[in-house]
1. Out of GLU142, GLU204, I need the residue that is in contact with a strand residue (DSSP E or B) (Cβ under 8 Å, 6 or more places away or on another chain) and more than 30 Å from LEU24 (Cβ to Cβ). Which one?
2. Out of all the residues in the stretch 117-135, which are under 58 Å from the mean Cα position of the chain (by Cα) and surrounded by 14 or more Cβ atoms within 10 Å (Cβ to Cβ)?
3. Of all residues in the stretch 438-462 being hydrophobic (A, V, I, L, M, F, W, C) and at pLDDT below 90, which is least open to solvent (accessible area, probe 1.4 Å)?
4. Does at least one position in the stretch 177-187 carry a residue that is part of a helix (DSSP H, G or I), more than 22 Å from GLN234 (Cα to Cα) and of a type in the set (D, E, K, R)?
5. Within the stretch 424-437, can you find the residues that are of a type outside the set (Val, Ile, Thr), under 18 Å from ALA377 (Cα atoms), open to solvent by less than 50 Å² (accessible area, probe 1.4 Å) and outside any strand (DSSP E or B)?
6. Before we move on, is GLY63 over 27 Å from PHE26 (Cα atoms) and either assigned to a helix (DSSP H, G or I) or open to solvent by 40 Å² or more (accessible area, probe 1.4 Å) (or both)?
7. I'm trying to understand the selection: among the residues of the stretch 353-390, which are charged (D, E, K, R) and either part of a helix (DSSP H, G or I) or farther than 17 Å from ARG447 by Cβ (or both)?
Amino acid sequence: MLLKSLSARLLILTVFFVMVSEVLIFVPSVARYRMTYFENRLAAGYLATLAFEASPDGRLDQGLIDELLARVGAQGVVLRRADGTMLSLDRLQPPRPDFTIDLTHPDIVLAIRGSFRTLFGAGDRMLRVLGPAGPDNTDTAEVLLEERPLRQELWNFGIRILELSLVISLLTAALVYLSLQWLLVRPMRRITASMVEFRDDPEETSRVIAASQRSDEIGVAERELAILQKTVRQALAQRARLAALGTAVTKINHDLRNILATARLVTDGLTASAAPEVRRVAPRLIDAIDRAIALCTSTLDFSREGAPPLAPSRLLLAALIDEIGPELAVSQADLAIECAIPPDLAVSADRDQLYRVFLNLARNAVEAGAHRLRFSAAREGGTIAVEIADDGHGLPPKARENLFRPFFGSARPGGSGLGLAIARELVRAHGGELSLVSSAGAGTVFRLTLPAPAARELSRARASMS
């Protein structure tokens, strides 16, 4: 369970990456340590050969030579001076070298390879090491070294590096862990706890996170979460009010319809009244009652929970658009409807609901003073895009801001704002979208998208329509 936490993973990753960094540092460090080891032996060998200058006759006895070689840690030393002279310190039976290492032209790649060969090699090779010597590095020193002491020195150095790496890794991991715990993990836990509490009871005001004043990503996340929670709570409150309204309308709908129907019958009789004043006001009274009935019906439809059930079928768009004109009850002189939809373009949708969407958009265009209404459609990848354009006076800014919000998006006085809200709900129930493209003094354009039917379904639709 501990390894599943973010803190534990950060701790393990920190230790791992620090150890990787130490390994990358260790490789050249070992090579440098090996070269320093050789350089020290060369310098010690050079100093040992200076004993010849202190000798009166320029000769040394074998006992002194052995002692000097022991101090150098070599089996033999040769110094070649720039003037051509040579000084040599040798055992009575000097060993033969197995491998030569030239430090006059150092190469880091060769040094790294040689270091690992010494570390993991077997046996005790005799190494012949050459390198510059003297105050001005004009002389050349040569020493014979056993590889076993060097291997032991390298292993001791590697163990010290490993111990230091572990200490650095643990210390760094602890500091990084505490820093991340304070800066990241604790705020993330706080955000997560707030999300869980909000999920359990989103309508509780106290469960909205109190955003901090941090200016980094955590602070931004806290503030955005607070805004999101407030928005969701407001949306839930609005949904609850709409649900209550829908319940109330459902309960009174039957009685209200009966009352309005009775009033409708009475007003129908008023149109035949002998009094001219009564006949004059009767049509306006009938229109008012009809609007009341329509408002009651649309409010009831919108307050119903969930999208209405779909009865999808394959239908041709152009044929469906042709049925809208007669339903609008306006003359062709008042409204010209142009259908620029290919006659064979088909969709899979609920015929009645899609017809209701198009009819609602067409009625809105008529109410906006449009004299020309154009329907166009095309297949765009996996969707069918339909554009509905009119030449009305457009939507006011306030109506555009609340266009698809129920009871807020009406563009005309006395409107409920439910028409477009219901239309978008119906389109989304089909897996599509309804959006406003533009609205200005030259007219309004809506865009409706629906999933395009598969090729096999399209051929069936064409066959059924033929």
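1. Details: GLU204 fails: in contact with a strand residue (DSSP E or B) (Cβ under 8 Å, 6 or more places away or on another chain).
Testing whether each residue is in contact with a strand residue (DSSP E or B) (Cβ under 8 Å, 6 or more places away or on another chain) and more than 30 Å from LEU24 (Cβ to Cβ) leaves just GLU142.
2. Across the stretch 117-135, the qualifying residues are THR118, LEU119.
3. Start the filter on the stretch 438-462 by keeping residues that are hydrophobic (A, V, I, L, M, F, W, C), which leaves 440, 442, 445-446, 448, 450, 452, 454-455, 458, 461.
The next check asks that each one be at pLDDT below 90; those that pass are 440, 442, 452, 454-455, 458, 461.
On the way: ALA440: 59, ALA442: 86, ALA452: 24, ALA454: 53, ALA455: 81, LEU458: 28, ALA461: 1 Å².
If we take residues in the stretch 438-462 being hydrophobic (A, V, I, L, M, F, W, C) and at pLDDT below 90, then ALA461 is least open to solvent (accessible area, probe 1.4 Å).
4. Here is the first cut: in the stretch 177-187, the residues part of a helix (DSSP H, G or I) are 177-187.
Within this subset, residues satisfying the condition of being more than 22 Å from GLN234 (Cα to Cα) are 177-187.
Those still in the list that are of a type in the set (D, E, K, R) too: 186.
Yes, because at least one residue in the stretch 177-187 is part of a helix (DSSP H, G or I), more than 22 Å from GLN234 (Cα to Cα) and of a type in the set (D, E, K, R).
5. Across the stretch 424-437, the qualifying residues are HIS430, GLY432.
6. So GLY63 passes the test.
7. Passing the criteria: ARG356, ARG363, GLU367, ARG372.
So that you can scan it fast, the table gives a plain yes or no per residue for (1) surrounded by 13 or more Cβ atoms within 10 Å (Cβ to Cβ); (2) among the small types (Gly, Ala, Ser); (3) not in a loop (DSSP other than H, G, I, E, B):
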| position | (1), (2), (3) |
| --- | --- |
| VAL167 | no, no, yes |
| SER194 | yes, yes, yes |
| PRO202 | yes, no, no |
| VAL220 | no, no, yes |
| GLN229 | yes, no, yes |
| ARG233 | yes, no, yes |
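The values are calculated or read from the model by the stated rules, or taken from the named source; none is laboratory data. Quick caveat: nothing in here was measured; it's all calculated off a predicted structure. Note: ideal-geometry Cβ built from the backbone for every residue, glycine included; neighbour counts use all protein chains shown. When the accessible area is computed, the model is the full protein with side chains, heavy atoms only, and any ligands, DNA or RNA have been set aside. Shrake-Rupley method; radii C 1.70, N 1.55, O 1.52, S 1.80 Å.
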